[in-house]
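Structure first, commentary second.
The values are calculated or read from the model by the stated rules, or taken from the named source; none is laboratory data. What you see is a predicted model; the values in this text were computed from it and never measured. Here the Cβ positions follow ideal geometry from the backbone for every residue, glycine too, while neighbour counts run over all protein chains shown.
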Amino acid sequence: MNVEERGGSIGLRAFPLLSMLLEDFYNFLSLVFAVDEINSKHDLLPNVTLGYIVYDSYVDLFRTIQGAVRIYSGSTLQYPNYNCDKYGVLAAVIEGMSSTFSIQYANIFGIYKYPQLHRLLKMINFTNTMGQSIYFNGDEISTWYDIYNAIYLPNYTILSNNVGKFNYHETRGKQFTIDSEAIIWESNFTKVPRSVCSESCQLGSRKSTQEGQPVCCYDCLRCPEGQFSNKTDAVECMYCPDDQWPTEQKTACIQKIVTFLCYEEPIGIVLIFMAVIFFVMAAVVLGIFIKYQNTPIVKANNRDLSYLILLSLMLSCLCSLLFIERPNQISCFLRQSVFGITFSISVSSLLAKTAVVVIAFNATKPGNNLRKWVGAKVPKCIVLICSLIQVIICFTWLFIAPPSTYGNTQSETAKIILECDKASAIAFYAILGYLGILASICFVIAFLARKLPDTFNDAKLITFSMLVFITVWIFFIPTYLSAKGTSTVAVEVFAILASSSGMLGSIFFPKCYIILIKPQKNRKNFILKSSL
């Protein structure tokens, strides 16, 4: 049906379905009654008179398009893009055809910007001859509809069987009712035909439209990692909050597990065992050196520095235990600062040992002024100054960017990793960078002094120990950056233990071998003889 204005009047044009069934006839009478009621009540549409013209589509697409052009032309002949109507103006179109024809019909009138329902009709409210209350609720007509099953008989007649209804006034979920057993299907159908070409997507999946197919044809894709869907036929999956993770079925979110490197984990047990073993080994070596403190091999190159190195290596092994616990603000600070200070004491002591070797050897040369630097003050000053710089770095970090803990939700999918914050990482690289400078200086000096007489053979051992130390931390950096979760902490602990054991084994094990296994070499006359 369309609505057209003719001067002071408005025309309504209606289009019934294939045949004038009883319900169609009642609808047509409702239209006539509605138009008469509106025209008789001048307060509804002042100075406007409604009219209507009814066209039958005959369930034929050509006739449908032909009728559409006639409606716009306002004539029994078709004049596309021209309006020859002398009686009124077309206001709106109302149609009740099948979706196939309705789409084509809407496309034609969409070109000319004609609505399917005129705004004036939304004010209509009346009761038709069947007792139905007809009015508009927004853009929808508020009424109920009977659903009929069309039965085509062999004699080319059509019967209609009421199989359900749609009642706008019912609550949502009860508006649509249908009796599937009352439906008579054509013999070609072996089962009830489906209204869509794809099954509903279940929870934990989303719809993906098939290219080139109607919107009702889609694939059901499982939600990707980290996403979920909790409703049927979801258009897209959703992300969980940062502290939650989807269930295995990806239908809901659950709380992530909070984890950190702890004593109960296998890797934590292994690292603790290694730390204890290396601590005990350093303590045993220290005991051996104290017991044989008056022997030449212990007294050579300042035995106090040897004690200091062994004590710092023992502390470095113990400081690794700070990493195997739940992190907090205090432990985050102690982890890096204790590690940095103990290692700076070890490396600066080795640097002092090397400097003493070089100074002592060159002081014996005639005319050399280095004799005044030979003594206990020089190595102590080297250790104190080099260690103090590391202490300043640590406390500067503490005041400028104090450490704290945070939950890392990105490293592992279903876990929250408790870590020290990024400021701690910056401080760690500053501490490690300073240790790298100390180790490099010590390595260069020891390498240049490696060919000094055998009496001062610590230079060779220090060279090798610094080579081990630098190698461990060079390989540590890329491994640390590529590790995720608790593995980053485990890598750092392993690097601390590896570099500590490397220094312990490179410098002190050869001396312990001589002290315990080859005591004849630990005599003053043997050392003097070997130096000739």
- Query: Can you name the condition, by its number, that Gln175 falls short on among (1) surrounded by 13 or more Cβ atoms within 10 Å (Cβ to Cβ); (2) under 30 Å from Tyr152 (Cα atoms); (3) under 34 Å from the mean Cα position of the chain (by Cα)?
  - Reply: (3)
- Breaking point among (1) surrounded by 11 or more Cβ atoms within 10 Å (Cβ to Cβ); (2) closer than 30 Å to Ile416 by Cβ, for Asp233: (2)
- Query: (1) within 17 Å of Ala414 (Cβ to Cβ); (2) assigned to a strand (DSSP E or B): which one isn't true of Leu221, the others all being true?
  - Reply: (1)
- Criterion (of a type in the set (D, E, K, R) and assigned by TED's automatic domain parsing to the domain that holds Phe508) met by exactly one of Asp304, Asp242: Asp304
- Return the residue satisfying two criteria in turn: it lies in the stretch 207-230 and is under 20 Å from the mean Cα position of the chain (by Cα) and hydrophobic (A, V, I, L, M, F, W, C), and of such residues it is surrounded by the fewest Cβ atoms within 10 Å (Cβ to Cβ). Leu221
- Query: For the stretch 29-131, which strands (runs of 3 or more DSSP E) that fit wholly inside it have 3 or more residues that are modelled with pLDDT of 70 or more and under 57 Å from the mean Cα position of the chain (by Cα)?
  - Reply: 89-95
- Residues of the stretch 459-484 satisfying the condition of being more than 18 Å from Ile426 (Cα to Cα) and either in contact with a strand residue (DSSP E or B) (Cβ under 9 Å, 6 or more places away or on another chain) or of a type in the set (D, E, K, R) (or both): Lys460
- Task: Residues being assigned to a helix (DSSP H, G or I) and farther than 30 Å from Phe260 by Cβ: count how many of those fall in the stretch 294-326.
- Result: 12
- Message: Can you tell me which of (1) in a helix (DSSP H, G or I); (2) touching a Lys or Arg at 6+ places or on another chain (Cβ under 9 Å) is the one Phe279 doesn't meet?
- Response: (2)
- Query: In the stretch 225-248, which residues are of a type outside the set (Gly, Ala, Ser), assigned to a loop (DSSP other than H, G, I, E, B) and more than 14 Å from Ala414 (Cβ to Cβ)?
  - Reply: Asn230, Lys231, Thr232, Asp233, Val235, Glu236, Cys237
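Residue-by-condition table, conditions (1) assigned by TED's automatic domain parsing to the domain that holds Ser229; (2) farther than 30 Å from Thr251 by Cα; (3) assigned to a loop (DSSP other than H, G, I, E, B):
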position: Pro154; (1), (2), (3): no, yes, yes
position: Leu159; (1), (2), (3): no, yes, no
position: Glu170; (1), (2), (3): no, yes, yes
position: Gly173; (1), (2), (3): no, no, yes
position: Ser187; (1), (2), (3): no, yes, yes
position: Val192; (1), (2), (3): no, yes, yes
position: Ser198; (1), (2), (3): no, no, yes
position: Gly212; (1), (2), (3): yes, no, yes
- Filtered residues of the stretch 376-406 (kept if closer than 17 Å to Arg335 by Cβ, β-branched (Val, Ile, Thr) and within 34 Å of the chain's Cα centre (by Cα)): Thr405
